[in-house]
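Right, one structure below, let's go through it.
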Amino acid sequence: MNLDRAVLAFAGIIVLASLILGYFLSPFWFLLTAFAGVNMLQAAFTGICPAAMVFRAVGVKPGNAFR
C-alpha cells in the first residue's frame, strides 16, 4: 500500500468510526467527521497532510499526492 492509499483508507476509517460513535454514543463525535473533512480540504489545496507525515515516518512507500 502506498502513502496515498493509506491516507485515504485512514480518512475513511475516521469518518465511518465518527459516524458510528456519533449515532450510538454522542452527537459530539460528528465533530471528528467535520475535522476530517476540513483536513482533507486543506490537503487538497496545500498538498500537506499530517496523516501522510506520520505514515511516511513509519515507513509507508511514497505516493504521488502528498509531499
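When you scan region 21-39, do you find a residue that is small (Gly, Ala, Ser) and touching a Lys or Arg at 6+ places or on another chain (Cβ under 7 Å), even just one?
no
Out of region 1-26, which residues are assigned to a helix (DSSP H, G or I), under 22 Å from Ala65 (Cβ atoms) and in contact (Cβ under 8 Å) with a residue 12 or more places away in the chain?
Within region 1-26, Leu3, Asp4, Arg5, Ala6, Val7, Phe10, Ala11, Ile14, Val15 meet the criteria.
Report, by residue number, each residue of region 14-64 that is in contact with a Pro (Cβ under 9 Å, 6 or more places away or on another chain) and either modelled with pLDDT of 95 or more or of a type outside the set (Gly, Ala, Ser) (or both).
Asn39, Arg56
Output the residues belonging to region 1-26 that are surrounded by fewer than 16 Cβ atoms within 10 Å (Cβ to Cβ), of a type outside the set (A, V, I, L, M) and under 11 Å from the mean Cα position of the chain (by Cα).
Across region 1-26, the qualifying residues are Arg5, Gly12.
Working only within region 27-67, note down all residues that are surrounded by 10 or more Cβ atoms within 10 Å (Cβ to Cβ) and not in a helix (DSSP H, G or I).
Within region 27-67, Gly47, Ile48, Cys49, Val60, Lys61, Pro62, Gly63, Ala65, Phe66, Arg67 meet the criteria.
Identify, by number, the condition in (1) touching a Lys or Arg at 6+ places or on another chain (Cβ under 9 Å); (2) free of Cβ contacts under 8 Å to residues at least 40 places away in the same chain; (3) on the phi < 0 side of the Ramachandran plot that Phe66 doesn't meet.
Single failed check for Phe66: (2).
Report whether or not Asn39 is without any contact (Cβ under 8 Å) to a residue 40 or more places away in the chain and either closer than 16 Å to Met53 by Cβ or in contact with a Leu (Cβ under 6 Å, 6 or more places away or on another chain) (or both).
yes
The values are calculated or read from the model by the stated rules, or taken from the named source; none is laboratory data. Note that the structure is predicted; figures quoted are calculated from it, not measured. Cβ coordinates were reconstructed from backbone atoms using ideal geometry, including for glycine residues, and neighbour counts include every protein chain displayed.
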